[in-house]
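A short worksheet on the structure shown next.
The values are calculated or read from the model by the stated rules, or taken from the named source; none is laboratory data. Owing to the predicted nature of the structure, the values given are computational and were not obtained by experimental measurement. In this analysis, Cβ positions are derived from the backbone assuming ideal geometry, glycine residues included, and neighbour counts consider all displayed protein chains.
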């Protein structure tokens, strides 16, 4: 639908400017109209995944405190969802999880569905750990705490790796800028020297 609207708008814009239909412009508009929505949706999906990944350790801390205070796992999630005022994609996923449980789905199935929807590796690991803990009778608070700490360590390692890669990636632009600066400063002198006009 979005691609059709973009193409129609481009066609109308072209017609209003030229008074006729330019085939080349229409082909370009058709390509852009079909490609742009794909990249837009892919970007939205990526941003959502990043939001879930960044928010996960903090939400796990909130759940841990609630469970340690004596609340059960479902009540802890419900309380967190009701009190959270941020526009968090992770909270949206937890809300959907609660809705599915309310409709009669088992907690395990609802958690697995949430992990599949979100498609975030870190959340998959957390869900697997929670499901396993419930099966083995391990305290959920302990699992949540371990998972939150593990995620923090993972994020710290990724940040260090990204910082190391950034220094390498920035090397070429710096060399290029330095070369351009030298060329601007000494270009005239070099040209005159090659022509024998310097002295």
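Residues of the range 92-122 being at negative phi and in contact (Cβ under 8 Å) with a residue 24 or more places away in the chain, which ones?
Within the range 92-122, 93, 94, 98, 101, 107, 108, 117, 118, 120, 122 qualify.
Being surrounded by 13 or more Cβ atoms within 10 Å (Cβ to Cβ) and within 23 Å of residue 149 (Cβ to Cβ) narrows it down to one of 98, 111, so name that one.
Going through 98, 111 in turn, the sole match is 111.
Looking only at the range 63-82, filter to residues that are over 17 Å from residue 138 (Cα atoms) and surrounded by fewer than 14 Cβ atoms within 10 Å (Cβ to Cβ); which one of those is nearest to the chain's Cα centre (by Cα)?
Checking each candidate, the answer is 82.
With a cut-off of at least 1 residues that are modelled with pLDDT under 75, name the helices (runs of 4 or more DSSP H) lying wholly within the range 97-194. Let's see the steps before the verdict.
Working: elements: 107-118, 121-136, 140-169.
Result: 140-169.
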